[in-house]
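Below is one structure; the comments refer to it alone.
The values are calculated or read from the model by the stated rules, or taken from the named source; none is laboratory data. Fair warning: this is a prediction, and the values are worked out from it, not measured in the lab. When we count neighbours, we look across all protein chains shown, and the Cβ atoms used for this are built from the backbone with ideal geometry, even at glycine.
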Amino acid sequence: MGDIQKLHFKTNVQLKSIIGKDLINDDNIAILELVKNSFDADAKNVTVTYLNLKDNDDKINKTFSDKTSRLIIQDNGLGMDLDGIQDRWLNIAYSEKKANKTQHKRRMAGAKGVGRFSCDRLGEYLNLYAKTKKDSEYVKLKIDWKLFEIEDEKKEIQSIPLQSQSLTKTELAKCGIEPFEQGVLLEVIKLRSSWAYPIKDKNGIITKWDTEKFVDLKKYLEKLINPNQAFESDDFGIFIDAPEFTNENNNREAHEKFIGKVQNRIFDKLDFKSTSIETKTIENGEVIYTELKDKGETVFWIKEKNPYYPFVKNVKTSLYYLNPYAKAFFTKQTGIQSVNYGSVFLFINGFRISPYGEVGNDWLGLDQRKAQGTRRYLGLRDIIGQIEILDEQNDFQIVSSREGIVRNDNFKNLTNSERNDSYFYKSLRRLERYVVEGLNWDSSIYDSQDKEDAKILKEIESKIVSGDIFEDDLEFREDYKTKQRRIYSAIHSIISAKTNDVIELYINEKLITQKIEEEKEKSEREFQQLIEDFDNKKIDSETLSRILQRKAEQNADLEKQINEFEKYNTNDVTSKAILELQNYKKTVEEQTVLILQLQFQLDNLKGEKAKAEKTANTYKEKAEKAETNFNIEKEKNLYLLATRRTLSPDADGLIHTIKINNIEVRDGLDNIIDDLTEDDFEVEDLIKKLGFLKLNAERSLKMAEFATRADLKEDIEKKNVDIVAYIKEYISLYGETFSDKISFKFQTNNSYLNKKISVLNLSIILDNLISNAVKWNAKNILMDFENINEKQLALVISDDGNGLTNKFLDDPNRIFELSVREVPPSGMSGSGIGLFYTKILLNDMNCNISFLGNNLKLKGASFKIIFNTI
């Protein structure tokens, strides 16, 4: 056996090309690698400058001169001294990033130590100038890359000598380099690629220059940096300059200008134009926070345990759904169609990893999955977004070819597309469910198969791109309420969370409260109609049974909704909305009890009717008892609920009051007739007397309307009522008496105020205001309630009529004066005293009314009433 000999690897000169221009086979990637080095050197700015591209001696000069093409990459980072150049920059594959994941408060951008060979890709020669802050002189390193391209198997790369020297500020200036305080300047000479191309006419004269490659570089860098992730605490700017092409740059559209700062702001703009979901790890990676937004408004957010920990522990995912309209807005903002921009990009420590997200790159298996269910899944054309990783432990290892990362357990837990069980797919599935089940693919004209609709869609998209149409101008097939109802019904399916994993859940309270408000109004209308039909003997036991069945189903549905919500620990705001849902369930249960009582009475009355043929006295006693119990139940729930058509003792008392009122009217008329006969009157005094008589007449009419209503004993004087509930109930009962063409809408905003008032006077006030609106051609009236504080309630009554005329706009308070009037366009008569007595009646209640203006909430007039309990 021979002696053991020690052998060593040798580094042939060809290694330079293998890890240089052969490995880094794209100019844009090469520039990015050098930008990363500047970032890791704690630079605040790095500038990429092109010189001598239009007129140079590249083809006639074997080496280079001052006129040779140049690319200068300069940063203001920490710089290097001679030892740093020798021990680190010239040390192949050496990288501080392998030992230090963070430096200068920044996470390092890479860890391979071959990015410096990007200079070889870009040009034949390199002059490196460097200076640290503490050094007074500069260091210059000269490299001729052709020296490393000789074909000699014995020639080792370290045998090629490189020249370095120290320079003073004066000597640096003589090299054509402007002195700098600190940093590194790379002067790449005799560029290997053409960055701009002359366009000549038929006579060979240059008419313009093709600068698309500069535009592509800027767009490439925009997509490759992520300022939200990497640079949020340290300002880092990348700038491109090409002084020879200033005119070409200025003649381009804003999104195609290539000179200036490189910025990536596309995702910030998309947030308000699309549906988005953001998922990020918090609390050292052990918790996942997910927030889904639609047109900028939060639909829900959830905090839950991270099932992918510790493989995925410092990651953020942002995904945006692009319907055709959002795609058009994307094109308007970027100048490129989203399909040609890319899909879901991957960023590690602030820089994008190729080729993930590039056009046609389905690294997440989105299109493959969509092929299995076109109407169930989102594909590459439907979404755009990014996955951002802050990797301090090198868990996501970048391969040396710059063509992706190692598919280890960390990568699989992040992206697993085979089982759709991963951090990314957990977020994607929630976005898909919202789009499919909640938005129904954001139904609009584009969802139609009609050829004419398709033509209209193309026209709309074209107008969006040109700026002739904005987002607020778009019309969707579905109204807002319809969409909200469907989202509410699908919300638990969209969230799809394991109960034990949920730490806290927030659901937009509007989804819950709007649903309750709609069902409440509908339920109250149906219930009031039921009572009226019962009083008029228009309902039978079978109908009541069907109604009870619907109530049971409604109650079971509410029970299911509440149970779904109560599975999770909810945010305080969501808990409050759930409490309203529970209160509404109680209302449904109370209505069910009352309907059961009605059914009992109806069945009881049928039995009693048969017995009445034998014993009339027994039947009468039981019927009266049933009626009494029924009236008591209704008085507990309604202010104006119909009871019976026969007059009660209270109604008899009311008729007595009407008689007294009519005596006032009669005596007042006698006095006016006497004054007119004796020619002893003043117009102002006469109008006052007539106004008083009109008010008494209105009170009599209103009393007559109340004559068959419940709870009359305090209506004439004062009683404690919920102002909001009373006005809504009053309008529901009497709204159609003003006009069958007038519609009412309420915005209660959960407002409430209990006040002791005369409901009769309040009814007259409402009559006057609604009557005025009808006279001025109103079709819609909006009543908007809002609590000013615990003791004050504001009611803004708005209509879409003609509004207050210009005659009174300068001094609108005059309309509340006696005898001030204006003939309305409708031609209906007006006394000019309605608003006068409206104000008087409100003042008597310690309340007030004022004119707010025209065209505020609706296009007509708006009045504001302040109710005080003080």
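Could you check Leu640 against (1) at pLDDT below 75; (2) among the aliphatic types (A, V, I, L, M); (3) surrounded by 13 or more Cβ atoms within 10 Å (Cβ to Cβ); (4) part of a helix (DSSP H, G or I) and say which number it fails?
Just one mismatch for Leu640, condition (4).
Among the numbered conditions (1) closer than 27 Å to Ser166 by Cα; (2) in a loop (DSSP other than H, G, I, E, B); (3) modelled with pLDDT under 90, tell me where Phe64 comes up short.
Of the numbered conditions (1) closer than 27 Å to Ser166 by Cα; (2) in a loop (DSSP other than H, G, I, E, B); (3) modelled with pLDDT under 90, the odd one out for Phe64 is (3).
Considering only strands (runs of 3 or more DSSP E) fully contained in the stretch 273-319, which possess at least 2 residues that are touching a Lys or Arg at 6+ places or on another chain (Cβ under 7 Å)?
Filter on the stretch 273-319 gives 275-282, 287-294.
This table checks each residue for (1) in a loop (DSSP other than H, G, I, E, B); (2) in the same structural domain as Gly123 (by TED's automatic domain parsing); (3) modelled with pLDDT under 90.
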site: Trp195; (1), (2), (3): yes, yes, no
site: Ile199; (1), (2), (3): no, yes, no
site: Asn203; (1), (2), (3): yes, yes, yes
site: Trp209; (1), (2), (3): no, yes, no
site: Asp216; (1), (2), (3): no, yes, no
site: Glu222; (1), (2), (3): no, yes, yes
site: Asn228; (1), (2), (3): no, yes, yes
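If a residue has to be surrounded by 11 or more Cβ atoms within 10 Å (Cβ to Cβ), among the β-branched types (Val, Ile, Thr) and over 47 Å from the mean Cα position of the chain (by Cα) to count, how many in the stretch 169-187 make the cut?
1
Yes or no, residue by residue, for (1) free of Cβ contacts under 8 Å to residues at least 40 places away in the same chain; (2) surrounded by fewer than 17 Cβ atoms within 10 Å (Cβ to Cβ); (3) not polar (S, T, N, Q):
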position: Ser758; (1), (2), (3): no, no, no
position: Leu766; (1), (2), (3): yes, no, yes
position: Leu769; (1), (2), (3): no, no, yes
position: Lys775; (1), (2), (3): no, no, yes
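Restricting attention to the stretch 777-793, report how many residues are assigned to a strand (DSSP E or B) and either surrounded by fewer than 17 Cβ atoms within 10 Å (Cβ to Cβ) or not hydrophobic (A, V, I, L, M, F, W, C) (or both).
The qualifying residues number 7.
Any residue in the stretch 752-760 that is of a type in the set (A, V, I, L, M, F, W, C), modelled with pLDDT under 90, assigned to a helix (DSSP H, G or I) and touching a Leu at 6+ places or on another chain (Cβ under 9 Å)?
The answer is yes, given that some residue of the stretch 752-760 is of a type in the set (A, V, I, L, M, F, W, C), modelled with pLDDT under 90, assigned to a helix (DSSP H, G or I) and touching a Leu at 6+ places or on another chain (Cβ under 9 Å).
Is it the case, given these coordinates, that Tyr289 is at pLDDT below 90, surrounded by 17 or more Cβ atoms within 10 Å (Cβ to Cβ) and either over 27 Å from Lys313 (Cα atoms) or in the same structural domain as Ser496 (by TED's automatic domain parsing) (or both)?
So Tyr289 does not fit the description; no.
So, in the stretch 708-726, how many residues would count as being touching a Leu at 6+ places or on another chain (Cβ under 7 Å) and either at pLDDT below 85 or closer than 22 Å to Lys779 by Cβ (or both)?
Adding up the residues that qualify gives 5.
Take residues that are among the small types (Gly, Ala, Ser) and at pLDDT below 75 and tell me which of the helices (runs of 4 or more DSSP H) falling wholly in the stretch 420-516 contain 1 or more.
451-466
Does at least one position in the stretch 548-556 carry a residue that is surrounded by 18 or more Cβ atoms within 10 Å (Cβ to Cβ), of a type in the set (A, V, I, L, M, F, W, C), at pLDDT below 80 and assigned to a helix (DSSP H, G or I)?
no
Is there a residue in the stretch 579-590 that is of a type in the set (A, V, I, L, M) and modelled with pLDDT of 80 or more?
yes
If you go through the stretch 497-511 one residue at a time, do you hit one that is in contact (Cβ under 8 Å) with a residue 24 or more places away in the chain, polar (S, T, N, Q) and crowded, with 19+ Cβ neighbours inside 10 Å?
Scanning the stretch 497-511 turns up at least one residue that is in contact (Cβ under 8 Å) with a residue 24 or more places away in the chain, polar (S, T, N, Q) and crowded, with 19+ Cβ neighbours inside 10 Å.
Kindly indicate whether any position in the stretch 801-814 is touching a residue at least 40 places away in the same chain (Cβ under 8 Å), under 15 Å from Phe744 (Cα atoms), touching a Gly at 6+ places or on another chain (Cβ under 7 Å) and assigned by TED's automatic domain parsing to the domain that holds Ala725.
Yes; the residues of the stretch 801-814 include at least one that is touching a residue at least 40 places away in the same chain (Cβ under 8 Å), under 15 Å from Phe744 (Cα atoms), touching a Gly at 6+ places or on another chain (Cβ under 7 Å) and assigned by TED's automatic domain parsing to the domain that holds Ala725.
Step by step: first the residues of the stretch 834-862, then only those that are hydrophobic (A, V, I, L, M, F, W, C) and in a loop (DSSP other than H, G, I, E, B), then the one that is surrounded by the fewest Cβ atoms within 10 Å (Cβ to Cβ). Which residue is that?
Looking at the filtered set, the residue picked out is Leu856.
Given the condition at pLDDT 80 or above and either in the same structural domain as Lys745 (by TED's automatic domain parsing) or surrounded by fewer than 17 Cβ atoms within 10 Å (Cβ to Cβ) (or both), answer yes or no: does some residue in the stretch 522-533 qualify?
No, every residue in the stretch 522-533 fails to be at pLDDT 80 or above and either in the same structural domain as Lys745 (by TED's automatic domain parsing) or surrounded by fewer than 17 Cβ atoms within 10 Å (Cβ to Cβ) (or both).
Any residue at all in the stretch 141-152 that's at pLDDT 90 or above, surrounded by 12 or more Cβ atoms within 10 Å (Cβ to Cβ) and on the phi > 0 side of the Ramachandran plot?
no
Anything in the stretch 326-355 that is small (Gly, Ala, Ser) and assigned to a loop (DSSP other than H, G, I, E, B)? List them, or say none.
Gly335, Gly342, Ser343, Gly350, Ser354
Can you find, within the stretch 43-61, the residue that is modelled with the lowest pLDDT among those that are more than 19 Å from Tyr125 (Cβ to Cβ) and surrounded by 19 or more Cβ atoms within 10 Å (Cβ to Cβ)?
Top of the filtered list is Ala43.
Can you find even one residue in the stretch 372-390 that is loosely packed, with under 15 Cβ neighbours inside 10 Å, assigned to a loop (DSSP other than H, G, I, E, B) and hydroxyl-bearing (Ser, Thr, Tyr)?
Within the stretch 372-390, one or more residues are loosely packed, with under 15 Cβ neighbours inside 10 Å, assigned to a loop (DSSP other than H, G, I, E, B) and hydroxyl-bearing (Ser, Thr, Tyr).
Can you say whether Gly77 is in the same structural domain as Tyr138 (by TED's automatic domain parsing), under 25 Å from Leu162 (Cα atoms), assigned to a loop (DSSP other than H, G, I, E, B) and at pLDDT 85 or above, as far as the supplied structure shows?
yes
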